[in-house]
Amino acid sequence: MTDLVWKSMGELARLVATKAVTPVEVVQAHLDRIGALDGTIKSYITVMGDSARAAARAAEARVNARETLGPLHGVPIGLKDLYCTKGVKTTGGSRILGNWMPTEDATVVTRLADAGGIMLGKLNMHEFAYGPEGLNAHYGTPWNPWDRNTHRICGGSSSGSGAAVAAGLCAGALGSDTGGSIRIPSSLCGLTGLKPTYGRVSRAGALPLAWSLDHVGPMCRSAADCALMLGAMAGYDPRDPSTSVLPVPDYAAALTGQVTGLRIGLLGRFFLESAGAPQRQATEQAVKTLEGLGASVREITLEQMKHAAAASAAVISAESYAYHEPWLRTRATEYGPDVRERLLVGAFVSGSEYLKGQRVRRLIRDEVDRVLGDVDVLIAPTLPIAAVPVGAREVDIDGKPQPVRPSLVRYTRPFNVSGHPVASVPCGFTVDGLPIGMQVIGRTFDEATVLRLADAYQRVTDWHTRRPPLGV
Amino acid sequence: MSEPGPAPPLTKETLRVLAQAQGFALTDAELDGLLPLVRAVRTMMDELAAVPLEDVEPTALYHML
């Protein structure tokens with residue numbers, strides 16, 4: 001049964017549909033593994049054991065009745081604990097919502113369940129999604145599965161999602177991304193994670209951090225699985241007015257394995273040139289691999305990137321403060337100190353400054369759009385660093401000490417500002433065995449090309465298939 | 001009015017007053033934690049102020065459909 005927890009989502013769905021395994025066996029294998037490992041890893045805040053088993057039995061009955069099955073039928077999925085789940089605690093990683101039970105599911109939860117997915121539980125996260133390290137003072141900080149000896153960060157804010165998928169504690173997971181919170185843990189935990197175009201996937205029923213920067217997306221062990229999850233979740237939702245009415249392509253069918261003629265823009269200045277040597281070399285080698293598959297490469301510079309941090313800061317500070325202001329006035333001591341401080345900063349950003357941030361966003365978005373008129377995708381490292389020990393405030397990058405937190409968001413937040421789709425794809429490991437990821441950035445609503453490139457790369461490499469040294 | 005000069009460096013006491021004006025009575029320890037973050041965001045807001053934005057509309061516009 002151990003092998004079941006390492007199967008891809010697509011493979012599990014096929015095994016279930018052909019009755020090679022039952023949904024009950026699949027779910028129980030994952031629940032057993034959670035029981036064995038998660039006391040240390042701390043990826044889950046709430047395990048939905050009873051409801052997952054009940055859903056598995058119902059899924060098995062549907063298979064036996066030869067009903068039409070969804071693309072994720074019987075597949076166990078973890079949900080970052082900011083997605084509302086009806087009748088199940090949704091904490092946002094906080095004490096403030098520690099006992100809150102929503103009365104309806106988030107749209108994406110409903111859509112994943114409609115596709116046959118079985119919700120295993122609610123995953124740990126940086127409190128209220130406001131942190132790229134993935135720390136949590138209330139529920140414990142998840143342990144990065146790639147180092148058994150040192151407690152390293154998983155990255156955030158979707159830290160539990162990163163840990164759970166990497167450790168085989170669910171087949172795929174939902175994350176969310178406001179400044180990098182899908183891509184950072186994906187890179188640090190060796191996963192493939194997708195931040196879709198802003199508006200591709202509904203945010204209805206997801207606790208917000210910053211309404212105009214929040215993105216909903218999958219974290220999986222392959223681009224093919226991301227395609228399956230995205231296909232189930234994407235599309236217009238009247239509950240979220242920011243969602244696009246553009247039709248949803250068949251993302252799985254787009255994975256042809258072909259990248260011949262694809263034009264890649266390699267982001268040098270601001271990105272590659274400031275990354276650590278392992279990250280730089282892994283990304284460059286990945287690009288060479290893609291050239292070997294028939295893609296062409298040229299170096300690209302994005303001049304407006306220098307303003308991305310300030311634009312992001314203006315928007316996220318003001319919007320997060322606006323949402324949290326009532327609690328900051330009445331329940332301030334219930335926040336973790338780091339999150340409380342970060343939220344309070346928004347009180348010192350004016351309306352005019354917030355709008356300046358939104359205006360600079362247009363410059364950044366327009367430049368990325370313009371550049372993607374000349375190339376089909378852009379590639380950059382996801383992070384300049386690998387996973388650092390919990391509590392580390394500085395990290396050495398090529399002999400120079402740099403602060404950890406800004407380093408974690410440097411390459412990711414510009415694409416929350418611009419709204420373009422980005423996948424983080426495993427492309428190597430450090431000499432210490434820590435994962436390295438690269439970003440593949442596409443045109444707006446062209447997740448199909450992003451995933452096609454990532455999948456083609458994964459057909460000729462095995463970084464994404466490696467397992468952390470957990471001993472089981 | 002005279003030409004505006006660069007803002008003086010933000011001090012803990014100035015931050016205390018600014019926070020009080022927002023209705024937050026912060027302790028010394030809280031101000032110590034908050035001060036570097038607010039200084040950093042103020043530096044970034046000064047960067048934004050220098051970006052030429054004539055005829056650039058915000059992305060936060062009200063859409064009827």
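The values are calculated or read from the model by the stated rules, or taken from the named source; none is laboratory data. Because the structure is predicted, anything quoted here is derived from the model rather than measured. When we count neighbours, we look across all protein chains shown, and the Cβ atoms used for this are built from the backbone with ideal geometry, even at glycine.
Given the structure, is A:ALA54 free of Cβ contacts under 8 Å to residues at least 24 places away in the same chain and among the hydrophobic types (A, V, I, L, M, F, W, C)? In short, yes. A:VAL248 satisfies every condition listed in (1) buried (at least 17 other Cβ atoms within 10 Å of the Cβ); (2) part of a helix (DSSP H, G or I) except (2). The single condition from (1) more than 14 Å from A:ILE184 (Cβ to Cβ); (2) in contact with a helix residue (DSSP H, G or I) (Cβ under 6 Å, 6 or more places away or on another chain); (3) surrounded by 17 or more Cβ atoms within 10 Å (Cβ to Cβ) that A:PHE429 fails is (2). From the list A:GLU284, A:GLU273, A:GLU303, the one residue that fits, being surrounded by 16 or more Cβ atoms within 10 Å (Cβ to Cβ) and more than 10 Å from chain B (Cβ to nearest Cβ), is A:GLU284.
Checked against the criterion of being touching a helix residue (DSSP H, G or I) at 6+ places or on another chain (Cβ under 6 Å) and surrounded by 18 or more Cβ atoms within 10 Å (Cβ to Cβ), the candidates A:LEU97, A:LEU31, A:LEU79, A:LEU69 yield just one match: A:LEU31.
When A:THR150, A:THR110, A:THR178, A:THR192 are screened for being out of contact with any helix residue (DSSP H, G or I) (no Cβ under 8 Å at 6 or more places or on another chain), polar (S, T, N, Q) and within 29 Å of A:PRO247 (Cβ to Cβ), only A:THR110 passes.
Restricting attention to segment A:1-14 and to residues that are in a helix (DSSP H, G or I) and without any contact (Cβ under 8 Å) to a residue 40 or more places away in the chain, the residue that is surrounded by the most Cβ atoms within 10 Å (Cβ to Cβ) turns out to be A:LEU4. Restricting A:GLY168, A:GLY78, A:GLY116 to residues that are under 17 Å from the mean Cα position of the chain (by Cα), touching a residue at least 40 places away in the same chain (Cβ under 8 Å) and on the phi > 0 side of the Ramachandran plot narrows the list to A:GLY168. Filtering segment A:342-360 to residues that are touching a Leu at 6+ places or on another chain (Cβ under 7 Å), under 14 Å from B:MET44 (Cα atoms) and not small (Gly, Ala, Ser) leaves A:VAL345, A:PHE348, A:GLU353, A:LYS356, A:VAL360. Every condition in (1) of a type outside the set (D, E, K, R); (2) part of a loop (DSSP other than H, G, I, E, B); (3) within 8 Å of another protein chain (Cβ to nearest Cβ) is met by B:PRO52 except one, and the failing one is (3).
The residues on offer are A:ARG405, A:ARG413, A:ARG393, and the sole one that is buried (at least 22 other Cβ atoms within 10 Å of the Cβ) and of a type in the set (Lys, Arg) is A:ARG413. Within the option set A:LEU355, A:LEU343, being touching a Phe, Trp or Tyr at 6+ places or on another chain (Cβ under 7 Å) and over 30 Å from A:ALA448 (Cα atoms) holds for one residue only, A:LEU343. Every test in (1) more than 13 Å from every other protein chain (Cβ to nearest Cβ); (2) crowded, with 17+ Cβ neighbours inside 10 Å is passed by A:VAL339 save one, and that test is (1). You will find that of A:GLY117, A:GLY92, the residue that is more than 24 Å from A:ASP225 (Cα to Cα) and buried (at least 16 other Cβ atoms within 10 Å of the Cβ) is A:GLY92 and no other. Residues in segment A:30-85 that are farther than 25 Å from A:TYR130 by Cα, of a type in the set (A, V, I, L, M) and part of a helix (DSSP H, G or I): A:LEU31, A:ILE34, A:ALA36, A:LEU37, A:ALA52, A:ALA54, A:ALA55, A:ALA56, A:ALA58, A:ALA59, A:ALA61, A:VAL63.
Is there a residue being at pLDDT 95 or above, more than 18 Å from A:CYS427 (Cα to Cα) and in a loop (DSSP other than H, G, I, E, B) anywhere in segment A:296-304? The answer is yes; a qualifying residue exists.
For segment A:348-390, residues that are more than 14 Å from chain B (Cβ to nearest Cβ) and under 27 Å from A:SER186 (Cβ atoms) total 18.
Do we have any residue at all in segment A:388-405 that's part of a helix (DSSP H, G or I), touching a helix residue (DSSP H, G or I) at 6+ places or on another chain (Cβ under 8 Å) and at pLDDT 95 or above? Among the residues of segment A:388-405, not one is part of a helix (DSSP H, G or I), touching a helix residue (DSSP H, G or I) at 6+ places or on another chain (Cβ under 8 Å) and at pLDDT 95 or above, which makes the answer no.
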